[in-house]
Amino acid sequence: AHAQRHRSRYLFFDPLKYETTTRRLKLTALISSAQFLEEFELHYQPIVDAKDKKLVGCEALARWCSDELGQIPPPEFIEVAEEIGLIAGLGELILQKACLQAAHWRTLAPNMIISVNVSPLQIVDAHFQQIVENALALSGLPACALKLEVTEQLMLHDEEPLMEKLRYLQSLGVRLAIDDFGSGYASLNYLCGYPFELLKIDQSFVRHMLSEPGRETLVRTIVQLAHSLGLEVVAEGVESNELSVLLTEMGCDLLQGYCFSRPLPPQTFTDQMLGGDSGCGTQVYSVGI
Ligand code: C2E
Ligand code: MG
Ligand code: MG
Ligand code: MG
């Protein structure tokens, strides 16, 4: 009995769990520090029209290179911010930054659209509509130039107030997109009831499409389903020209992926995508990876 107790006490110490917890604590401390605001930035990935591969907009993607820990993957620090109740504030900052950037780019490319990821917890926050309206008002960006991307995770939250909120945003002219479609656990019900206008097919379907015929069928079917419900379809994770051709043939409306460009820092985006006499409507040539 003694040995058993002894052993179970050893088992209690899980080195992997310890490491995870230590990193979490570290990230929590770092995110709450002023330093974070200096290290945090947004990069922007081009989104192109599938028909002619012309630039139509971009997705803002959060980046954090910590002086202490190096590059932190966005899903990791977003999750920490959610856990410690900082996501509303961080989300607001992201929204403001992205809207300001887009408003600036629209002076070079008048039709440019910006997509911003929003966490379900941000939307559930009582002030969310106001935060979106403020970001638009402060930047002067028209609502129709803003797309908000939310994952299916959102649908696990209570329905009525959420529906009202989304309808209100839609009434402003903001467009709503379902991100990572097919990767979550939500039922398909929300596709009909909620005011989504775009559907982004999860990368995992797109990326393995060429090697797994089953996935190709799945993507084809998702595109048809979305179109029959009146939704635009975006394919992300388009890494090769071959995929780009196939997705275009399937009827995807918009494409995004390393094949066109990786996410870029603002200045690089301006130089590469909006430089010279180009602008929105410029063809983004496949660059390969
Ligand atoms: P997401 O919204 O689905 O963003 C697309 C992710 O795919 C980005 O990863 C992008 O860099 C990556 N990607 C784009 N094209 C390709 C490709 O061709 N191949 C591959 N392998 N990857 C590609 P990233 O930037 O690491 O972001 C990961 C996730 O973190 C995002 O997924 C989003 O869920 C979350 N995230 C990023 N920025 C924000 C933000 O500002 N707010 C919130 N709430 N979440 C964010
Ligand atoms: Mg997204
Ligand atoms: Mg996605
Ligand atoms: Mg994702």
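The values are calculated or read from the model by the stated rules, or taken from the named source; none is laboratory data. All values derive from a computational prediction rather than experimental measurement. We place every Cβ from the backbone using ideal geometry, glycine too, and count neighbours over all the protein chains shown. The protein model used for the area step is the full one, side chains on, heavy atoms only, and it has no ligands, DNA or RNA in it. Shrake-Rupley method; radii C 1.70, N 1.55, O 1.52, S 1.80 Å.
Among the residues making up region 66-78, a single one is open to solvent by 40 Å² or more (accessible area, probe 1.4 Å), free of Cβ contacts under 8 Å to residues at least 12 places away in the same chain and more than 9 Å from ligand 1 (Cβ to nearest atom): GLN71. The set of residues in region 122-154 that are within 12 Å of ligand 1 (Cβ to nearest atom), open to solvent by 40 Å² or more (accessible area, probe 1.4 Å) and either part of a helix (DSSP H, G or I) or on the phi > 0 side of the Ramachandran plot (or both) contains only GLN153.
GLY214 meets all of the listed conditions (1) part of a helix (DSSP H, G or I); (2) modelled with pLDDT of 95 or more but one, namely (2). The number of residues in region 44-59 that are part of a strand (DSSP E or B) and out of contact with any Cys (no Cβ under 9 Å at 6 or more places or on another chain) comes to 4. Looking across region 216-238 at every residue that is more than 28 Å from LEU162 (Cα to Cα) and open to solvent by less than 70 Å² (accessible area, probe 1.4 Å), the one that is nearest to ligand 4 (Cβ to nearest atom) is identified as GLY237.
Could you please find all residues in region 79-97 being within 16 Å of ligand 3 (Cβ to nearest atom) and either in contact with a Pro (Cβ under 9 Å, 6 or more places away or on another chain) or open to solvent by less than 40 Å² (accessible area, probe 1.4 Å) (or both)? Selection gives ILE94 alone.
Filtering region 253-271 to residues that are away from ligand 3 (no atom under 14 Å from the Cβ) and either open to solvent by 10 Å² or more (accessible area, probe 1.4 Å) or closer than 11 Å to ILE47 by Cβ (or both) leaves ASP253, PHE260, SER261, ARG262, LEU264, PRO265, PRO266, GLN267, THR268, THR270, ASP271. Just wondering, is there one or more residues in region 137-150 that are free of Cβ contacts under 8 Å to residues at least 24 places away in the same chain and away from ligand 4 (no atom under 16 Å from the Cβ)? Checked against the condition, which is being free of Cβ contacts under 8 Å to residues at least 24 places away in the same chain and away from ligand 4 (no atom under 16 Å from the Cβ), region 137-150 yields at least one hit. The number of residues in region 235-275 that are outside any helix (DSSP H, G or I), under 20 Å from LEU108 (Cβ atoms) and among the hydrophobic types (A, V, I, L, M, F, W, C) comes to 2. Just one of (1) within 24 Å of VAL124 (Cβ to Cβ); (2) open to solvent by 50 Å² or more (accessible area, probe 1.4 Å); (3) in a helix (DSSP H, G or I) fails for PHE36. It is (2). In region 178-199, of all residues being under 17 Å from LEU162 (Cβ atoms) and within 12 Å of ligand 4 (Cβ to nearest atom), the one that is surrounded by the fewest Cβ atoms within 10 Å (Cβ to Cβ) corresponds to GLY184. Checked across region 101-113, the condition of being within 12 Å of ligand 1 (Cβ to nearest atom), modelled with pLDDT under 95 and over 16 Å from GLN45 (Cα atoms) holds for no residue.
Residue count for region 168-209 under the criterion of being within 12 Å of ligand 1 (Cβ to nearest atom), part of a loop (DSSP other than H, G, I, E, B) and out of contact with any helix residue (DSSP H, G or I) (no Cβ under 8 Å at 6 or more places or on another chain): the result is 1.
Given the condition within 12 Å of ligand 1 (Cβ to nearest atom) and closer than 22 Å to SER119 by Cα, answer yes or no: does some residue in region 210-231 qualify? Scanning region 210-231 turns up no residue that is within 12 Å of ligand 1 (Cβ to nearest atom) and closer than 22 Å to SER119 by Cα.
Just to be sure before I move on: is ASP202 touching a residue at least 60 places away in the same chain (Cβ under 8 Å) and either away from ligand 4 (no atom under 16 Å from the Cβ) or under 28 Å from SER244 (Cα atoms) (or both) in the structure I sent? Judged against the criteria, ASP202 is not a match.
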